[in-house]
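Reviewing the structure listed below.
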Amino acid sequence: MKKKLIPTTLASAFVLWLALPALCSADPQMALKQQIHDFKDVLEGEILTHTFELLNQGDETLNIEQVKPDCSCSVVRFDPLIPPKGEGKITVKIDTRGFEGPERWAIKVFSNDPIWKEAVLDLRANIRPVITLTGSPVFFTGKKNDPTTGEVEISAELDKPLIVTPEQFTLSGKVTYSFSEIEKGKRYRVTFQKIAGKRENYRGFLKLKTNFEEKPDIILWIIGRFDR
Amino acid sequence: MTKSHPLFVADQRSQRNPTGITILLSRLFLGGIFVYASYDKIIHPVSFAEIVYNYHILPDVLVNLVSLFLPWLELLVGLSLILGVLLPGAVLICNLLLLIFFSTLVFNMARGLDIDCGCFTVSIGPSSGGHMLWYLFRDGFFLLVAVFLFFSSFFAKSQRGLRFDRPWKTAFVQALAPALTAVLLGLFVNQVRSDSIPLLGDWSPEARITLKFGKNILIPFEEAKDKLLTGGAIFIDARPRELYQEGHVQGALSLPLAEFDQMIDKVLTDLPDDALIITYCDGENCILSAELALRLKEIGYENVRVLYNGWDVWKIHQLPSEAGEPRG
C-alpha cells in the first residue's frame with residue numbers, strides 16, 4: 001500500500017499543477033470543440049460551409065477580435081463576444097472551384113485570451129473533379145518523330161449525362177480538331193491535328209460548354225513549340 | 001523463444017485450456033491488426049508522414065523519421081505475434097504502441113482536434129472516415145486485448161511448474177530486435193524507392209509548397225520587390241476578385257483560381273513563355289498562389305514563382321499597392 005501511495009500522490013500533484021491555472025483563471029479562456037474539420041470527398045465546384053464552436057471557459061468575456069481566413073475561404077459570420085462559460089460560433093464558407101485532390105484551408109482566430117491569443121482552424125477536403133480530362137494540354141513540337149495529332153478524352157464523373165459543345169477555338173489556321181462521342185453522355189474524345197508547314201510557336205485553346213452546373217466550361221489547351 | 005514462456009505454453013495447451021485458446025486468439029487478432037495497419041503506411045510514406053504531422057505532437061524534424069520507422073515496426077510486431085517468434089518483446093512493443101496511439105487520440109480529443117486517424121489507411125476518402133470517439137473506442141478495445149496478453153505474459157501464475165524465466169529482461173532484449181530491424185528496413189526501403197522522403201522533414205508552409213512542386217519555386221521577398229520596381233515580372237493575384245479590389249500589389253493582374261478557365265485568355269494575352277510570373281495570395285497557409293502557379297506551368301509558362309504570404313508581406317513593408325478593378 002505504501003509503495004503505491006507515493007506515485008499516486010505525485011501523479012495527483014502533477015495533474016493538479018496542470019489544471020490549476022485553468023481552475024483559478026479570472027481571464028477569458030478560449031477552447032475549441034473542434035479545431036480541424038475534414039469534409040472528406042467533395043465535388044469540385046461545391047460550396048462548403050462549416051460551423052466551428054468555441055467555448056469560453058474563463059470568468060471574463062471572451063472577445064473574438066478578428067477571424068482571418070486564408071484566401072479562398074470566407075467567414076460568413078462569427079460571434080464577437082462570448083460570455084463566461086458561454087459558447088460562440090464561427091461559420092466559414094469555401095469555394096472549391098479550381099481545386100483538385102486533397103486540399104486544406106486555414107482560418108486564424110484572434111482573441112483576448114491572454115494565453116491562446118491566436119488559434120488556427122483547419123479545414124480539409126478531397127476534391128473530386130466532376131469532369132476528368134486525360135491528355136490535356138496537348139503539346140506539338142517540330143521534332144521529326146513527334147506525333148502530329150493529340151487526343152484529349154473527356155469523362156463525366158457524375159451520374160448524369162454530359163453534353164459538351166464547342167464554343168471557342170483560338171487556333172484556327174494552325175490546328176484543326178474533330179470531336180467524337182465514345183460513350184453516350186459519358187465520354188468524349190477531341191482529336192487535334194497540327195497543320196503541316198506551320199512552325200511558329202503558339203498557345204491556344206478549345207473552350208467547350210457543358211450542361212454541368214458544377215463545371216460549365218472546359219478549356220483544352222494546345223501548345224506548339226517549334227523553336228527548340 | 002523460451003519453451004517455458006506462458007504464451008508458448010498456451011499454444012501447446014490451447015486444445016484443452018480455455019485461457020490458452022483466448023491467448024492464442026488474442027495474439028492472432030492483434031498480429032493481424034498490426035500487419036494490416038502497416039501495409040498502406042509502407043506503400044504511401046508521404047501520405048502517412050502528413051498524417052503523423054497532423055497529430056501535432058512530434059517536433060517537425062522527427063515526423064519523417066517516425067513515419068518511416070513506425071509502419072515497419074507494426075509489421076514486424078504483427079508477424080511476431082502471429083508466428084509466435086520473439087513473443088515477450090512483441091507483446092511489450094505492442095502494448096507500448098497501442099498505449100501511445102490511445103494517449104495520442106485522447107490528447108488530441110482534449111485539444112478539440114478532429115483529425116484523420118490514419119490508423120489503417122492513409123488515403124483521404126470515405127474509407128478512412130470516422131469520428132474521434134469511434135477511433136477511441138476501437139483503439140481502447142485493442143489496448144484491452146494487448147493488456148490481457150501483457151498480463152498473461154508477465155504476471156501469469158505458475159501452472160504445472162511452467163513459468164517464464166526472467167520475462168522482463170528477455171522482453172526488453174527481444175524488443176530491441178524488431179525495433180532495430182524496423183529502423184534499418186525503413187531507412188533502406190526509403191533510399192531505394194522512387195517516392196522517398198527526406199529523413200529530416202521540413203513541415204513549414206513554405207516547404208509544403210516546395211513538396212507539392214518537387215522543387216523550390218518560391219521567390220524571396222527582396223527579389224520580388226526588385227522585380228516589381230524594375231518591371232521585370234508580371235504579378236498575378238490569385239485571390240478572389242473582391243479581395244483584389246480591396247487592395248493588391250501595384251500593377252498586379254487578377255486571376256482568381258476559381259475563375260482560371262474563364263479568365264486566363266483575357267488575363268495573359270500574348271505573354272511569352274519565359275516571362276517571369278510571380279503569383280501571390282494572402283496568409284501563411286494560403287494555397288491559391290501555389291495552385292495557380294501549378295496551373296500556369298501546366299499550360300507551358302516556364303518561369304512561374306510564388307511569393308509566399310505575398311499580400312501580407314507586401315502590406316507590412318508598405319510597398320506600392322493600389323485598390324480597385326484590374327486595369328485594361
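Nothing in this text is a laboratory measurement; each read-out follows from the coordinates by a stated rule. None of these values were measured; they are calculated from a predicted model. Positions of Cβ are generated from backbone atoms using ideal geometry, with glycine treated the same way; all protein chains shown enter the neighbour counts.
For region B:307-324, backbone phi angles converted through the Karplus equation (6.51, -1.76, 1.60; θ = phi - 60°) give residue-by-residue couplings of 8, 5, 6, x, 5, 4, 5, 4, 5, 4, 8, 6, 8, x, 9, 8, 10, x Hz, Gly and Pro being listed as x. Annotation: amide H-H contacts under 5 Å for residue A:203 (H modelled 1.01 Å from N, sequence separation of 5 or more, or interchain): A:224. Given R0 = 22 Å, the distance between the Cβ atoms of residue B:85 and residue B:192 translates into a calculated FRET efficiency of 0.30.
Under 16 Å from a label point 7 Å along Cα→Cβ of residue B:151: give me every residue in region B:75-106 with its amide N that close. Hits in region B:75-106 for residue B:151 at 16 Å: B:95. Region B:262-328 and region A:32-96 have Cα centres lying 28 Å from one another. Put the Cα centre of region A:111-129 next to the Cα centre of region B:73-101 and the gap is 36 Å. For chain A, relative contact order (Cα pairs under 8 Å, six or more residues apart, normalised by length) works out to 16 percent. Close amide H partners of residue A:40, meaning residues 5 or more places away or on another chain with modelled amide H under 5 Å apart, are A:126.
Dipole orientation for chain A: of the candidates A:31, A:106, A:49, A:106 has the Cα lying most toward the positive pole (charges on Cβ; Lys, Arg +1; Asp, Glu -1). For region B:198-302, state which GluC sites (Glu not before Pro) are in a DSSP loop and have at most 15 other beta carbons lying within 10 Å of their beta carbon. Listed in order of number, the matching sites are B:284, B:302. A simple spin-label model places pseudo-atoms 7 Å from Cα toward Cβ; at residue B:274 and residue B:144 they are separated by 6.9 nm.
Simple spin-label estimate for residue A:226 and residue A:191 gives 2.2 nm between the two label positions (7 Å along the Cα-to-Cβ direction from each Cα). Residue ranges A:144-155, A:214-225, B:170-181 sort as A:214-225, B:170-181, A:144-155 when ordered by packing (mean number of other C-beta atoms within 10 Å per residue, highest first). Entry note, chain A: the mean residue ellipticity at 222 nm calculated from DSSP H runs of n ≥ 4, each adding -39500 (n - 2.57), is -3500 deg cm²/dmol after division by the residues and rounding to the nearest 500. DSSP bridge analysis restricted to chain A gives an antiparallel fraction near 85%, rounded to the nearest 5. Relative to the longest principal axis of the Cα atoms of chain A, the long axis of helix A:2-24 lies at roughly 70 degrees.
When the C-alpha to C-alpha distance is required to be over 31 Å, the pairs from A:40/A:215; A:108/B:266; A:144/A:184 that qualify are A:108/B:266; A:144/A:184.
Once the convex hull of all Cα atoms in chain A is built, its volume per residue stands at 241 Å³.
With a 10 Å cut-off around each Cβ of B:297-310, the average count of Cβ atoms from other chains is 2.
Here the simple spin-label model places points 7 Å from the Cα toward Cβ, and for residue B:177 and residue A:100 these points are separated by 5.0 nm. Between residue B:305 and B:277, B:278, B:279, the built amide H atoms are under 5 Å apart, and every one of these is 5 or more places off in sequence or on another chain.
Take each residue of peptide A:97-104, count the partner chain Cβ atoms within 10 Å of its Cβ, and average: the result is 5. Counting Cβ atoms of other protein chains within 10 Å of each residue's Cβ and taking the mean over peptide B:32-44 gives 0.
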